[in-house]
Amino acid sequence: MNAEIISVGTELLLGHTINTDTAFVARELSAAGVSLLYSCTVGDNPERLKAAVELALSRSDVLITTGGLGPTGDDLTKETVAAAARKKLVLHEESLRRIEEYFKGRVLGETQKKQAMLPEGCTVFRNDCGTAPGCGFTTDAGKRVVMLPGPPFELIPMLKNYAIPYLTQAENAAIVSRIVRVFGLGEGYVAELIDDLCACPNPTAATYAKEGEMFVRVTARAADEAAAEAMCEPVVRELQKRLGGFVYGLDVESLEETVVKELAARGKTVATAESCTGGLLAKRITDIPGASDVFHMGCVTYANEIKTMLLGVPEETLRQYGAVSPQTAEAMARGIKERSGADYGIGITGVAGPGGGTEEKPVGLVYLALCDGDGVKLREMRPAGRYRGRGYLRGLAASNALDMIRRSLQGLGGVEQAAYSQMKKGG
């Protein structure tokens with residue numbers, strides 16, 4: 001199937017709201033084996049929307065619209081799409097009942113009720129997080145149309161739970177995807193390592209870059225889910241074999257998710273002492289459910305006197321070597337471990353920029369130390385390539401810290417090897 005996405009909303013067209021819907025829908029379509037050919041954004045103008053819909057239906061098998069299903073006067077997607085597809089809008093009683101329940105105890109206006117008007121004969125997608133239902137239907141020409149609400153917190157669950165199953169069921173096939181998460185190698189380098197796997201039509205393997213890391217999506221299409229999973233399995237195993245310890249997880253969302261799970265599985269705890277990352281490492285760990293069982297505490301110690309007062313970093317160390325130094329990072333890691341009683345203590349200090357660097361200690365220089373009771377392991381990040389901004393550097397430093405914890409927990413080598421340098425191989 002070939003698909004097209006039309007995002008509806010003047011606020012998207014003018015840049016007042018960032019259109020994240022298209023990116024999310026595109027990723028889910030790819031995972032479901034649906035090829036996305038076109039996407040566009042149209043303002044709240046019925047004539048221009050009608051023209052975009054007619055063009056999409058003339059050249060694509062599937063049309064997905066996002067936005068314009070709400071109660072206000074400029075929410076005209078349903079009316080416009082239904083007219084272009086020659087579908088009559090009728091009241092869907094179950095949707096009206098859900099809207100009435102949502103507004104119980106409050107005034108329910110007629111404009112709210114119009115959200116329950118849907119194309120005749122459509123499959124209705126329940127909105128579990130809002131009021132406007134979505135829907136899917138087939139045109140007389142055999143084209144499939146899916147309409148979804150615009151707010152991401154409504155669109156995402158509706159797409160995953162109802163719209164994607166609706167589309168895949170029509171194909172009489174099961175599609176399964178596995179995600180192989182990689183930290184420390186660039187996308188281009190990995191693509192070269194697995195080019196033969198990427199050439200296979202079913203299952204497919206495709207590389208994707210993320211901020212500071214990458215992943216490989218393996219997707220198989222088969223008669224049923226079990227068969228599709230079985231097709232994915234050997235490819236996933238081969239990826240793990242070729243990429244080794246750079247694979248940090250399967251079907252997980254983040255490095256921090258893996259670290260929290262690994263800590264919990266081993267009954268271990270961690271505490272953090274951060275300078276240049278400003279608490280980002282602690283935030284990423286505590287963003288994960290269950291972090292309270294494995295995270296003891298975090299300190300953000302910018303000033304030298306605070307490093308001494310809270311972490312016990314010797315004043316002589318700071319005078320002789322400076323705040324950005326291997327010696328200070330190691331003292332921070334030891335100090336936070338001793339004061340927290342955690343199994344692991346990690347210290348981070350560096351120059352995040354854009355200013356403040358010197359020839360001896362340039363912007364991008366970061367020292368990370370991990371104290372595990374048996375000693376301290378140090379990882380050094382050196383500037384590589386162009387400066388990509390303070391936020392990127394801080395994020396990469398936090399990821400390197402998580403990678404150190406993961407490798408230590410899993411008994412892997414490379415705890416002291418900065419992933420920063422490896423990423424140059426793939427961009």
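The values are calculated or read from the model by the stated rules, or taken from the named source; none is laboratory data. Everything numeric here is computed off the predicted structure, so don't read it as measured data. Positions of Cβ are backbone-derived with ideal geometry, glycine not excepted, and every protein chain shown enters the neighbour counts. Side chains are part of the model used for accessible areas, which takes the heavy atoms of the whole protein and leaves out ligands, DNA and RNA. Shrake-Rupley method; radii C 1.70, N 1.55, O 1.52, S 1.80 Å.
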Q: State the number of residues belonging to the range 31-66 that are open to solvent by less than 50 Å² (accessible area, probe 1.4 Å) and in contact (Cβ under 8 Å) with a residue 40 or more places away in the chain.
A: 15
Q.
Condition (residue is modelled with pLDDT of 95 or more, assigned by the TED database to the domain that holds Ile285, in contact with a strand residue (DSSP E or B) (Cβ under 7 Å, 6 or more places away or on another chain) and more than 30 Å from Gly244 (Cβ to Cβ)) applied to the range 341-350: is it met by at least one residue?
A. yes
Q) Taking into account only those residues within the range 373-407 that are out of contact with any helix residue (DSSP H, G or I) (no Cβ under 9 Å at 6 or more places or on another chain) and within 14 Å of Gly347 (Cβ to Cβ), which is modelled with the highest pLDDT? A) Met404
Q) Is it the case that some residue within the range 161-178 is farther than 23 Å from Ala223 by Cβ, in contact (Cβ under 8 Å) with a residue 60 or more places away in the chain and open to solvent by less than 30 Å² (accessible area, probe 1.4 Å)? A) no
**Q.** Lone unmet requirement of (1) modelled with pLDDT of 95 or more; (2) open to solvent by less than 20 Å² (accessible area, probe 1.4 Å); (3) under 30 Å from Gly345 (Cα atoms) for Asp251
**A.** (2)
Q. Between residues in the range 298-327 that are farther than 16 Å from Leu370 by Cα and without any contact (Cβ under 8 Å) to a residue 24 or more places away in the chain and residues that are of a type outside the set (Ser, Thr, Tyr) and surrounded by fewer than 16 Cβ atoms within 10 Å (Cβ to Cβ), which pairs lie under 6 Å by C-beta distance while being six or more apart or on different chains?
A. Thr308/Glu315
Q: For the range 285-310, name all the residues that are closer than 28 Å to Lys261 by Cβ, open to solvent by 50 Å² or more (accessible area, probe 1.4 Å) and out of contact with any Phe, Trp or Tyr (no Cβ under 9 Å at 6 or more places or on another chain).
A: Asp287, Pro289, Ser292, Asp293, His296, Met297, Val300
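For every residue, the table says whether it meets (1) of a type in the set (A, V, I, L, M); (2) part of a helix (DSSP H, G or I).
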residue	(1), (2)
Thr72	no, no
Lys78	no, yes
Ser95	no, yes
Arg98	no, yes
Lys104	no, no
Leu108	yes, no
Lys113	no, yes
Leu118	yes, no
Q.
Step by step: first the residues of the range 327-355, then only those that are closer than 25 Å to Arg388 by Cα and not β-branched (Val, Ile, Thr), then the one that is most open to solvent (accessible area, probe 1.4 Å). Which residue is that?
A. Pro354
(Q) If I go through the range 123-150 residue by residue, how many of them are buried (at least 23 other Cβ atoms within 10 Å of the Cβ) and part of a loop (DSSP other than H, G, I, E, B)? (A) 5
Q | Matching residues, the range 86-122, being more than 24 Å from Gly142 (Cβ to Cβ) and open to solvent by 90 Å² or more (accessible area, probe 1.4 Å) | A | Glu93, Arg97, Glu101, Tyr102, Lys104, Arg106, Val107, Glu110
(Q) So if I check each of Val324, Val313, Val259, which one is part of a loop (DSSP other than H, G, I, E, B), open to solvent by less than 10 Å² (accessible area, probe 1.4 Å), at pLDDT 95 or above and not charged (D, E, K, R)? (A) Val313
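Looking at Leu55, Leu63, which is the one that is in contact with a helix residue (DSSP H, G or I) (Cβ under 6 Å, 6 or more places away or on another chain), not assigned by the TED database to the domain that holds Ala206 and not aromatic (Phe, Trp, Tyr)? Write out each step before concluding.
Working: Leu55 fails: in contact with a helix residue (DSSP H, G or I) (Cβ under 6 Å, 6 or more places away or on another chain).
Unique residue meeting the criteria: Leu63.
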Q: At least 2 residues that are of a type in the set (S, T, N, Q) in each: list the strands (runs of 3 or more DSSP E) lying fully within the range 151-227 that qualify.
A: 204-210
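Residue by residue, here is whether (1) modelled with pLDDT of 95 or more; (2) in contact with a Ser or Thr (Cβ under 8 Å, 6 or more places away or on another chain); (3) more than 14 Å from Ala85 (Cβ to Cβ) holds:
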{"position": "Ile99", "(1), (2), (3)": "no, yes, yes"}
{"position": "Leu118", "(1), (2), (3)": "yes, yes, no"}
{"position": "Gly130", "(1), (2), (3)": "no, no, yes"}
{"position": "Lys143", "(1), (2), (3)": "yes, yes, no"}
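Could you list, in sequence order, the residues of the range 11-29 that are open to solvent by 50 Å² or more (accessible area, probe 1.4 Å) and assigned to a helix (DSSP H, G or I)?
Taking the range 11-29 first, the residues open to solvent by 50 Å² or more (accessible area, probe 1.4 Å) are 11, 13-14, 16-18, 20, 27.
Scanning the range 11-29 gives Glu11, Leu13, Arg27.
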Q | Scope the range 373-397; condition under 18 Å from Ile336 (Cα atoms), open to solvent by 40 Å² or more (accessible area, probe 1.4 Å) and either in a loop (DSSP other than H, G, I, E, B) or not assigned by the TED database to the domain that holds Ala282 (or both); matching residues | A | Gly373, Asp374
Q: Check off (1) in contact with a Lys or Arg (Cβ under 6 Å, 6 or more places away or on another chain); (2) of a type in the set (Phe, Trp, Tyr); (3) more than 30 Å from Ile18 (Cβ to Cβ) for Phe215 and give me the number that stays unchecked.
A: (3)
Q: Could you tell me whether Tyr208 is surrounded by fewer than 23 Cβ atoms within 10 Å (Cβ to Cβ), closer than 29 Å to Val42 by Cβ and either under 20 Å from the mean Cα position of the chain (by Cα) or not β-branched (Val, Ile, Thr) (or both)?
A: yes
